[in-house]
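**Student:** Here it is, the structure, as structure tokens.
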């Protein structure tokens, strides 16, 4: 039997606020353990939470960027469970009345526009960090707890089970990451945990409307892990079903090394979180005008930029996608490009040798790039020389014109000098000249090459062609 | 207190002398009373010396600079053991001061020690303390009430001029009534809860206990007002001492809820309350029978909400960051053993009940229903205050009961029958002495006022007080 | 007893018996509440209706590490130490 894969994702994004969600401790990454803690984020008896305005703003921003309905009334709830990294033994989150619902994210897969529905987006607090004495949690005699991370603001984004392949799941998550980056609410680094993803996956007979039993897959620490784990899990479930077995509703953890998922706990063991309204925080009532202002100030989103690059700047999907996926390149392009104009040279430059150099050494100042394109356009240097100038630009603080001047790389414009060089070359190869005369026209290229060599490549090949033709015609 | 302030200002007495006087009184009475868990003799004398220095330089922080105070032991005091009368916290020293503690310190008050309570404020008799029972100064065979029993007894026995307590369902007013002192449960949110170890955050309030109405009002003026660290207090207005005006009762509409004068009410208590009402009527007040029929559900509602919130609030006592840990091989066993050993029977009982009412299958029927009934009660109180200025009732159905008399927890909970309504509806209420029964045990009168009407109920209480013999308090 | 497990409370046999009895008494009072007609009333989570209160995003002072760890029953190298964490339990 053939099966349809059904995937839904649960994504956590750490918000890029200066201070924590419910207290004023710093959110900076990498400090010594337990140095960014206070009575509130340690859950000391008597301490009380106070919501960070910026966290709400960022969550609203994310909701708007995901085309969600932002609710003017939402509420905080307590999710009660015991775990050593959870200082109050409850997490302040939003359960019954989340901040945002009913959104979607659009993205291209192989030129095909896809849309994944966002069920909800809500605010909650991060837990602390555990360091295990052994290799993993299970074989550790003891664990160490650092509460620096406890209380950093998170948004949890839940998708509908709309995703139909592991690859789509990865592409969705990549697009979501890009979106969060564009609107500036998070640095979305999977390796630092500021972007995390759990996936629910089930199989159903192809075309069936009835969903199968879902399995939650955790510990997905990279885009690749997400795709690989889902591929593994889809295959595992397919085999179980084909052998007439049943899928257990459970949580499974992905093991990067073995490339397998392993059972963590079954549904029956799922804790009862005993949600109830957080009495220490009044409900969140947003001023609709404030939400409108955030909406109005929302920066361009990746898909919007893609469309603009194609429409206004005449780029191909491939080129536009490159610029969207590398927003720094996109930014640079938009600074230098002319809407409606010819931006071929610019995009070729950016996607060509510049890309590799910029990744290694960082971007050049836009003015220097403009000047480089200009002097090629003017004919001050040749296209092939521009590569040398480009390399030099990464090493030297000089402007392209200064470099060209200093290196003496200007194009040789003196026609007489070129003519002399041509005559010299022809005079040096009388035998070849005879063969050319006899009709061996492909030798023309050889003569061009020799002339260019004679002028150390500083001549415009077009001009050389022109002059060489004239000279040969005269001699023939 | 005015007299103490004058003596201090005139230099006729020093803070050090006052503190020594309190310490002596504590030494004399404490073996029998057990009002304190911790007496900070050394710290208090240091603070007193500093206060005397300030006075000498004419830099007193307030007129009350140098006057000693006792603080209930569920209010965080920096560096001073805060046990909540629990074994679990028997050696816990907070790293921070509660906002109310900060405020009284800023006024120059001297914290002489921490008073006894029912463990985590769960109780109505101060019998459920890991540090022994607090006795009633009027009859050591009887309870002081609770949970702020230590704070009430310390004031009644003249160990300190005033004290701070907390009130979730009557925990200031009931012991104030039993011990013959004045105690105020402020409007919810008028006093910061920051640093007050939570029992039920949607009901808890800190309030003053003192021998006279004016003293209670003075202490209240020092602690009231918005706190940016407590999201439920930020609309709270500060409180200024009123000019005491005996005319305040002229035309005052006094609501008398018949439900509070019915079954279970002790005859002598009823007589004392009715006599005050008559006297007020004679002075120009208008008595108006009202109905608070839903008070019948107050205790059940209160219990459901308190146990639920408490089960969550007390979950943080897990033995990871503070408190007494019982070592075990794995973390869950460590949690369970530490909590099992650290908590007393009443605390465990309430955690069990609270866990039950919040669990997924019972949440709707118990917790949510209780929240709805709470709305009903709140609306009924609001309707009453649309018609009357204050509501007057007995504070408790009986005078202080004998130690060990109430063995059934449900029976114990009934001590809060008349007081829980103010917490459920968030209004302010105070208790002041209005006579004694045949055994010489004080009787308390409750005056309830609408939200933020503390000034009015203090004024009315001041008028009532003028006709009542003072039964307790601090003597020089 | 599931509630004791959920609440991470180790109870003795006698305690379990006692609290079961209490629970039954308590449930009676809960049932009394269930009789109350609350119509379409919304629940009250907060004693007073307060507006949204937010804090500006400003970093304040944190506690020194020594103060953070001062009350810790077991600490190691700047961390709180806990025994083996067993997954898959409630």
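**Student:** Looking at the range A:279-333, which of its residues are part of a strand (DSSP E or B) and touching a helix residue (DSSP H, G or I) at 6+ places or on another chain (Cβ under 9 Å)?
**Tutor:** Here is the first cut: in the range A:279-333, the ones part of a strand (DSSP E or B) are A:284-285.
Across the range A:279-333, the qualifying residue is only A:284.
**Student:** Suppose we filter A:451, A:411, A:464, A:389 for residues that are within 53 Å of the chain's Cα centre (by Cα) and either at pLDDT below 80 or in a loop (DSSP other than H, G, I, E, B) (or both); which single one remains? Explain how you work it out, then say what you get.
**Tutor:** Working: A:451 fails: either at pLDDT below 80 or in a loop (DSSP other than H, G, I, E, B) (or both); A:464 fails: either at pLDDT below 80 or in a loop (DSSP other than H, G, I, E, B) (or both); A:389 fails: either at pLDDT below 80 or in a loop (DSSP other than H, G, I, E, B) (or both).
Being within 53 Å of the chain's Cα centre (by Cα) and either at pLDDT below 80 or in a loop (DSSP other than H, G, I, E, B) (or both) holds for just one of A:451, A:411, A:464, A:389, which is A:411.
**Student:** Hey, another quick one. Here is a list of conditions, (1) facing another protein chain (nearest Cβ under 8 Å); (2) in contact (Cβ under 8 Å) with a residue 12 or more places away in the chain; (3) in contact with a helix residue (DSSP H, G or I) (Cβ under 7 Å, 6 or more places away or on another chain); (4) surrounded by fewer than 24 Cβ atoms within 10 Å (Cβ to Cβ), and residue B:365 meets all of them except one; can you say which number that is?
**Tutor:** Here residue B:365 clears every test but (2).
**Student:** Between a first residue in the range B:325-347 that is in contact (Cβ under 8 Å) with a residue 60 or more places away in the chain and not assigned by TED's automatic domain parsing to the domain that holds residue B:83 and a second residue that is buried (at least 23 other Cβ atoms within 10 Å of the Cβ) and assigned to a helix (DSSP H, G or I), which pairs have beta carbons less than 6 Å apart while being 6 or more apart in sequence or on different chains?
**Tutor:** So the pair list comes out as B:344/B:119; B:347/B:119; B:347/B:120.
**Student:** OK, next. Residue B:313 passes all but one of (1) within 17 Å of residue B:201 (Cα to Cα); (2) touching a helix residue (DSSP H, G or I) at 6+ places or on another chain (Cβ under 8 Å); which number fails?
**Tutor:** With respect to (1) within 17 Å of residue B:201 (Cα to Cα); (2) touching a helix residue (DSSP H, G or I) at 6+ places or on another chain (Cβ under 8 Å), residue B:313 is out only on (2).
Matching residues to (1) out of contact with any strand residue (DSSP E or B) (no Cβ under 9 Å at 6 or more places or on another chain); (2) without any contact (Cβ under 8 Å) to a residue 24 or more places away in the chain; (3) part of a strand (DSSP E or B); (4) under 17 Å from residue B:198 (Cα atoms):
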site	(1), (2), (3), (4)
B:123	yes, no, no, yes
B:133	no, no, no, no
B:140	yes, no, yes, no
B:151	no, no, no, no
B:160	no, no, no, no
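**Student:** Would you kindly identify the strands (runs of 3 or more DSSP E) lying entirely within the range A:104-216 that contain at least 1 residues that are in contact (Cβ under 8 Å) with a residue 60 or more places away in the chain and within 18 Å of the chain's Cα centre (by Cα)? Steps first, answer last, please.
**Tutor:** On the way: elements: A:112-125, A:129-132, A:142-146, A:153-159, A:195-205.
Because the criterion is at least 1 residues that are in contact (Cβ under 8 Å) with a residue 60 or more places away in the chain and within 18 Å of the chain's Cα centre (by Cα), the strands (runs of 3 or more DSSP E) in the range A:104-216 that meet it are A:153-159, A:195-205.
**Student:** From the residues in the range B:221-243 that are more than 11 Å from residue C:53 (Cβ to Cβ) and loosely packed, with under 15 Cβ neighbours inside 10 Å, which one is farthest from the chain's Cα centre (by Cα)?
**Tutor:** By that ranking, first place goes to B:243.
**Student:** If you scan the range A:226-265, which residues turn out to be part of a helix (DSSP H, G or I) and farther than 21 Å from residue A:1 by Cα?
**Tutor:** Quick first cut of the range A:226-265, residues part of a helix (DSSP H, G or I) only: A:226-242.
Selection gives A:226, A:227, A:228, A:229.
**Student:** Going residue by residue through the range C:28-42, is there one that turns out to be at the interface with chain B (Cβ under 9 Å from one of its Cβ atoms), closer than 28 Å to residue A:23 by Cβ and buried (at least 19 other Cβ atoms within 10 Å of the Cβ)?
**Tutor:** no
**Student:** Yes or no: the range B:68-90 includes at least one residue that is touching a residue at least 40 places away in the same chain (Cβ under 8 Å) and farther than 24 Å from residue B:120 by Cβ. Step through it out loud before you land on a result.
**Tutor:** Keep residues of the range B:68-90 that are touching a residue at least 40 places away in the same chain (Cβ under 8 Å), which gives B:68-76, B:80-90.
If we keep only those that are farther than 24 Å from residue B:120 by Cβ too, we end up with B:68.
Yes; the residues of the range B:68-90 include at least one that is touching a residue at least 40 places away in the same chain (Cβ under 8 Å) and farther than 24 Å from residue B:120 by Cβ.
**Student:** Right, here's the next one. Could you grab me the full set of residues in the range A:84-93 that are touching a residue at least 60 places away in the same chain (Cβ under 8 Å) and in contact with a strand residue (DSSP E or B) (Cβ under 6 Å, 6 or more places away or on another chain)?
**Tutor:** Result: A:84, A:85, A:92, A:93.
**Student:** So how many residues does the range A:243-289 have that are free of Cβ contacts under 8 Å to residues at least 24 places away in the same chain and surrounded by 14 or more Cβ atoms within 10 Å (Cβ to Cβ)?
**Tutor:** Number satisfying all stated conditions: 4.
**Student:** Assuming residue A:206 fulfils every condition listed in (1) at pLDDT 95 or above; (2) loosely packed, with under 14 Cβ neighbours inside 10 Å apart from one, which condition is it?
**Tutor:** (1)
**Student:** Can you name the residue in the range A:77-99 that is more than 9 Å from every other protein chain (Cβ to nearest Cβ) and not in a loop (DSSP other than H, G, I, E, B) and, of all such residues, is surrounded by the most Cβ atoms within 10 Å (Cβ to Cβ)?
**Tutor:** Selected residue: A:77.
**Student:** Just for helices (runs of 4 or more DSSP H) wholly inside the range B:252-352: which have at least 2 residues that are modelled with pLDDT of 95 or more, at the interface with another protein chain (Cβ under 9 Å from one of its Cβ atoms) and farther than 26 Å from residue C:28 by Cα?
**Tutor:** On the way: elements: B:267-282, B:298-313, B:331-342.
Fully inside the range B:252-352 and qualifying: B:331-342.
**Student:** Count, please, the residues in the range B:199-236 that happen to be farther than 21 Å from residue B:158 by Cα, in contact with a helix residue (DSSP H, G or I) (Cβ under 9 Å, 6 or more places away or on another chain), in a loop (DSSP other than H, G, I, E, B) and more than 8 Å from every other protein chain (Cβ to nearest Cβ).
**Tutor:** Counting residues in the range B:199-236 that are farther than 21 Å from residue B:158 by Cα, in contact with a helix residue (DSSP H, G or I) (Cβ under 9 Å, 6 or more places away or on another chain), in a loop (DSSP other than H, G, I, E, B) and more than 8 Å from every other protein chain (Cβ to nearest Cβ) gives 5.
**Student:** Exactly one condition in (1) at pLDDT below 85; (2) in a loop (DSSP other than H, G, I, E, B) is false for residue A:398; which is it?
**Tutor:** Only one criterion is unmet by residue A:398, namely (1).
**Student:** Tally time: how many residues in the range A:17-48 are facing another protein chain (nearest Cβ under 7 Å) and in contact (Cβ under 8 Å) with a residue 40 or more places away in the chain?
**Tutor:** Here the count works out to 10.
The values are calculated or read from the model by the stated rules, or taken from the named source; none is laboratory data. Worth saying up front: this structure is predicted, and the values here are computed from it rather than measured. Using ideal geometry, Cβ is built from the backbone for each residue, glycine included, and neighbour counts are taken over all protein chains shown.
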